[in-house]
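The values are calculated or read from the model by the stated rules, or taken from the named source; none is laboratory data. In this text the structure is predicted, and so the values were computed from the model without any measurement. Note: ideal-geometry Cβ built from the backbone for every residue, glycine included; neighbour counts use all protein chains shown. Just the protein is used for accessible areas: all its heavy atoms, side chains included, with ligands, DNA and RNA removed. Shrake-Rupley method; radii C 1.70, N 1.55, O 1.52, S 1.80 Å.
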Amino acid sequence: GANAGSGKGGSVNVSADSFSTITFDGLTINAYGTGGKSTGFGSTGNGEGGTINAAATDGTVNIGNFTANADGTGGSLEGTWSGETQVGGLGDGGNVWVHLEGPGEINLDGAVTLSANGTGGSAQSGGDGIGGSAGITAFDGEIDLGATIDIRAVGTGGSALAGTFGGSGGNGDGG
C-alpha cells in the first residue's frame, strides 16, 4: 500500500531591531507539522513542528494575547487494520522562543501560550512523541509578562489500538 506523507512546520520570526517598534493587539502563530494517516495499508507519516521566534534586539515588541504553536503530531491508523505491522508516526515538537538580546523591550500584556509538544500517532504500536523546546529569555533589557503564562514542551506516546493484536504504546519524552 501507499505510504502517508510527513508534515513539517516552517519558520516564523517576529523581530524588532534598531530602535523599531512592533505592536499587535493579539497574535497567533502556527508552525506545526502533522503526519499523514494510514488507511490500513502502508506506513503513517511523521509530524515535526517548526520554529517560532519573537525577538527584540535594540527594539520593542508589544503583544496583547500571544499564542505560538510548533507542535509535531504523528499520523495514525484510520479505518480497518490490514494485518500488516503498523506503527504510529513520530511526533516531534519544534521550537518556540521569546528572546530579548537587548538592549530592548518585550511586553506580553495578555495571556501567553507557547507550545512545542510532540504527540505520537496511534496504530498497532503507538508512535513516539518527543517534546521540543520553548521558553522566554532575556540577556539585556526588560520583558514584561501578563498574568497568564503557559509554556509546554510535552512528549506523549501514541496509543496501541484495540483489535490490532500485540502492539505497545509509544514512548513520550518531554523537551
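Report, ordered by the first and then the second residue, all pairs with beta carbons closer than 7 Å, sequence separation of six or more or different chains, a first member in the stretch 56-71 that is open to solvent by 10 Å² or more (accessible area, probe 1.4 Å) and modelled with pLDDT of 95 or more, and a second member that is in a loop (DSSP other than H, G, I, E, B) and of a type in the set (S, T, Y). Listed by first residue and then by second, the contacts come to N69/Y32; D71/Y32. Scanning the stretch 76-116 for residues that are closer than 22 Å to V154 by Cβ, more than 18 Å from the chain's Cα centre (by Cα) and open to solvent by 60 Å² or more (accessible area, probe 1.4 Å) gives a single hit, V87. For T119, state whether it is open to solvent by 30 Å² or more (accessible area, probe 1.4 Å) and farther than 21 Å from V61 by Cα. When the stated conditions are applied, T119 passes them. Hey, any hits in the stretch 90-98 for a residue that's in a loop (DSSP other than H, G, I, E, B), more than 21 Å from G169 (Cβ to Cβ) and at pLDDT 90 or above? Within the stretch 90-98 (the criterion being in a loop (DSSP other than H, G, I, E, B), more than 21 Å from G169 (Cβ to Cβ) and at pLDDT 90 or above), the answer is yes, since at least one residue qualifies.
Residues in the stretch 1-31 that are of a type in the set (S, T, N, Q), outside any strand (DSSP E or B) and under 20 Å from G45 (Cβ atoms): N3, S6. Under the condition of being in a loop (DSSP other than H, G, I, E, B) and farther than 30 Å from K37 by Cα, the residues counted in the stretch 102-142 number 9. Within the stretch 1-39, restricting attention to residues that are farther than 23 Å from D128 by Cβ and charged (D, E, K, R), which residue is surrounded by the fewest Cβ atoms within 10 Å (Cβ to Cβ)? Result: D25.
For the stretch 40-55, filtering for residues that are of a type in the set (A, V, I, L, M, F, W, C), open to solvent by 10 Å² or more (accessible area, probe 1.4 Å) and part of a strand (DSSP E or B) leaves 1.
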